[in-house]
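Take a look at the structure below.
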Amino acid sequence: MDDKTVASAIANAVQQPKSGAPTPKGQHRRGGWLRQLLVPLLAIITALILGALVIAFTDESVFQAFGGGFGRGVGQAFSVIGRAYGAFFSGAFGNPVRIISALISGQGAQIRRAIYPLMETLRISTPYIFAGLAVALGFQGGVFNIGAEGQYFIAGLVTVFVGYAIKGLPAIVHLPLALLAGVVGGGLWGAIPGYLKAKTGAHEVINTIMLNYIAFRLAEFMLDANGLMARGDGRPVSPEIQPSAYLPQFFPNQVELRVNVGFFLALAAAALVWWLLYKTTLGYEIRTVGANPRAARYAGMSVARTIVITMALSGALAGLSASTDILGVLHYMPNAFSSGYGFDAIALALLGKSHPFGVVLASLLFGALRAGAQNMQGIAQVPVDLTSIVQGLIIVFIAAPEIIRKLYRLRQPVEGEELVTVRGWGGA
Amino acid sequence: MRKHLSIGLAAILLASLVMTACGGGAASGYKVGMVTDMGGIDDKSFNALGWKGIEDGIKELGIEGSYLESQQQTDYATNITQYVNQETDLIVTVGYMLADDTASFAAANPDVNFAIVDFSYAPPIDNVRGLTFATDQASFMAGYIAAAVTKTGKVACFGGINIPSVAIFMVGYEAGVKYYNEKHGTNVEVLGWDTAANNGVFVGNFESTDDGRRTGEEFLAEGADVIMAVAGPVGQGTAEAVQAAGNAWFIGVDADWTVTASKYSDIILTSVLKNIDVAVLDTIKSASASGFAGFGGESYVGTLANNGVGLADVASGAISNDIEDELEDVRQGIIDGTIDSGWETYLSNL
């Protein structure tokens, strides 16, 4: 028996049925992926319903209406919720009627305004996809990368430096170079805790958190008003990057439409991660190490090497979320760049069940939630914090699917059908 | 039953989806929108004060006002876009972190007026009014008071990060102490800032109350008995340290700390006020007046004279009537220019 057969035999014996993981033919259940989607979908709907209740119960006019009778109160509650969620959906996806009438009218300004919400959702989703992929790839390889936020900061610093400091390059060289800088910066920052885990057994959760702090303070030090990378106008921001490093925006002359090529890069990255995980030997090794490192070692795989590679790739992906935001949207890097992407990414990986395409869907959802919330704030005066509540509820329901199953009377999953997203501490 | 209930709620959700975009029914009033920085509307500082200015405008002038909170750097443009799309007449952006986005939207929308708190553009932008503050004038007076009340002959101050809008407080403070020394022949020492050396104590952030407490304790140990903290919420830690010591005073900045941090009221000597609300209201007044012909790139500078900066009430009994009279002279002197509150000189010596 060669190594490969041993490995596959072991991996099958381990039975870690991640979605899309090697499943013997014939066992594949029809509509299996739909069932996989059922709990997340119900989780989202339930979270939105609870969010609606929060909106209604924090609105003064609802309480006043209840003073005038129960029926009036309920009516007012529904009108408040309707107004808020109306603004929410039109902020996330646009108003379909308006989009169609704008398209018919053929006027550029009208079309731009009608599709703006949708474009905004795609724009916000872009960094989410990269960061979500980073954490998902880590989960697949059995490492919990809480350091995506720190990798984001380091990649941001390196990207913006290459973006503003190198002058006179043509865009065809400068832009890839700036992106590469983010990949390398994030990748190296991710590889450090990977190496520490592989060589010394130090837990990556601790080390990625600590490296986050180092990254935050380093960014503060560099971008402080008097810092080495400060613009020099008394503000804690970096200089603007050269136009040759801009990621092309689809509507270059419209300041409000900032959706850019980064979105397609993110989709390509998702496809690439899928290909890597499910179509290459390295991906197989990553998944096997993630499923059972002892078995992987027995099969002749280098667990240490695989962990370092997994963390480096994860860091590189997290880095790209910073690079695309800086090169495509902001064009500079501010101090106090508290993105939160790195932490939302954990939720995205959970929601997407650590599958690249699941992460893309989850990111689009989070993008829509944030775009919608921003509009809801403006039109219905509902605080943006509501998104955090809804996001949090979704994660709780995903993490504890039993709640959803009980609530909607779903049948228990067949043994082995359930997905194990993260194994416990010290499991590796 | 439970199942039916949840299905019912889901149906309502879908119904609300259909009811999209029924908002937007606008009245005829003058519309002002404010975009916060990441501190949020309840920061008890810039955003809260800016919003107070708009609320005053709603009360006094009957304008329509609203605000949008930003959670991320990329939200600034999103929120400004929303106001532009709602045909807002005046968009107030709070804080210099919004300077880049404000500039690009102002250029793209020349018919919309903007005002930005704590920043001014060089060269100026026609439809943006920068709201800046000569806080050295007010902190000069605070320094004068500090020098008058100290028993140890040492007063202190520190900042969050060494940026101009922070250093200006400390420059004025030191100048005020020196002026007191000159008038009274005393030798009160300033810890934490040295204008001549252009250097001082900075904790490096605007968040950590622990840093504030530690810095406060160090100053107290060195013998200072008045401490001014120019670091936002960091100062709360300092105030706590001062309160624990019991024999010292604290000077707040930006807002009146006896209101925003009232639990420290017993040790708050006074507060150096940066009246952002006054500046915003002034901007709304001039921009909404009939016959308004645009800002023309002119910026607003808050001074003692126009009440854009000021001093909160001094703790009762802390200073004698004589000092109170002298303080009035100092104020007049700064307003008519016979007393140099320090910042311009400091800038020209840089």
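Odds and ends about this structure:
- Scanning the stretch B:195-209 turns up no residue that is touching a Cys at 6+ places or on another chain (Cβ under 7 Å) and assigned by TED's automatic domain parsing to the domain that holds B:Ala147.
- A:Leu407 being surrounded by fewer than 20 Cβ atoms within 10 Å (Cβ to Cβ), modelled with pLDDT under 90 and in a helix (DSSP H, G or I): yes
- Spans of strands (runs of 3 or more DSSP E) in the stretch B:256-326 with at least 2 residues crowded, with 18+ Cβ neighbours inside 10 Å, touching a Ser or Thr at 6+ places or on another chain (Cβ under 8 Å) and of a type outside the set (Val, Ile, Thr): B:268-274, B:300-302
- Within the set A:Ser302, A:Ser388, A:Ser323, the sole residue that is farther than 16 Å from A:Val135 by Cβ and within 12 Å of another protein chain (Cβ to nearest Cβ) turns out to be A:Ser388.
- Candidates A:Gly328, A:Gly372, A:Gly378: the one that is part of a helix (DSSP H, G or I), within 12 Å of another protein chain (Cβ to nearest Cβ) and more than 24 Å from A:Ile55 (Cα to Cα) is A:Gly328.
- Residues of the stretch A:249-278 that turn out to be touching a residue at least 60 places away in the same chain (Cβ under 8 Å), assigned to a loop (DSSP other than H, G, I, E, B) and not aromatic (Phe, Trp, Tyr), as a count: 6
- Exactly one residue among A:Ala362, A:Ala347 is free of Cβ contacts under 8 Å to residues at least 60 places away in the same chain and away from chain B (no Cβ under 12 Å), and that residue is A:Ala347.
- Any hit, the stretch B:220-234, residues being part of a helix (DSSP H, G or I), under 26 Å from the mean Cα position of the chain (by Cα) and either at pLDDT below 95 or assigned by TED's automatic domain parsing to the domain that holds B:Asn47 (or both): yes
- The stretch B:120-157, subset charged (D, E, K, R) and in a loop (DSSP other than H, G, I, E, B), residue surrounded by the fewest Cβ atoms within 10 Å (Cβ to Cβ): B:Lys151
- The set of residues in the stretch B:67-91 that are of a type in the set (Gly, Ala, Ser) and at the interface with chain A (Cβ under 7 Å from one of its Cβ atoms) contains only B:Ala77.
- Residue among A:Gly315, A:Gly392, A:Gly328, A:Gly340 that is in the same structural domain as A:Gly147 (by TED's automatic domain parsing) and surrounded by fewer than 21 Cβ atoms within 10 Å (Cβ to Cβ): A:Gly340
- Under the condition of being small (Gly, Ala, Ser) and over 12 Å from the mean Cα position of the chain (by Cα), the residues counted in the stretch A:93-139 number 9.
This table checks each residue for (1) not assigned by TED's automatic domain parsing to the domain that holds B:Ala99; (2) not polar (S, T, N, Q).
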{"position": "B:Lys285", "(1), (2)": "no, yes"}
{"position": "B:Gly291", "(1), (2)": "no, yes"}
{"position": "B:Phe295", "(1), (2)": "no, yes"}
{"position": "B:Asp322", "(1), (2)": "yes, yes"}
{"position": "B:Gln332", "(1), (2)": "yes, no"}
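- The listed residue being charged (D, E, K, R) and in contact (Cβ under 8 Å) with a residue 60 or more places away in the chain, out of B:Asp89, B:Asp75, B:Asp100: B:Asp89
- The requirement of being assigned to a loop (DSSP other than H, G, I, E, B), under 17 Å from the mean Cα position of the chain (by Cα) and not assigned by TED's automatic domain parsing to the domain that holds B:Asp89 is satisfied by B:Asn162.
- Some residue of the stretch A:279-292 being touching a residue at least 60 places away in the same chain (Cβ under 8 Å), surrounded by fewer than 17 Cβ atoms within 10 Å (Cβ to Cβ) and not acidic (Asp, Glu): no
- Unique match (being more than 22 Å from the chain's Cα centre (by Cα) and more than 12 Å from chain B (Cβ to nearest Cβ)) among A:Pro239, A:Pro193, A:Pro248, A:Pro293: A:Pro293
- A:Phe130 under 28 Å from A:Leu348 (Cβ atoms), surrounded by fewer than 22 Cβ atoms within 10 Å (Cβ to Cβ) and more than 13 Å from chain B (Cβ to nearest Cβ): no
The values are calculated or read from the model by the stated rules, or taken from the named source; none is laboratory data. Everything quoted here is computed from the prediction, not taken from an experiment. Quick reminder, even Gly has a Cβ in these numbers, built from the backbone with ideal geometry, and neighbours come from all protein chains shown.
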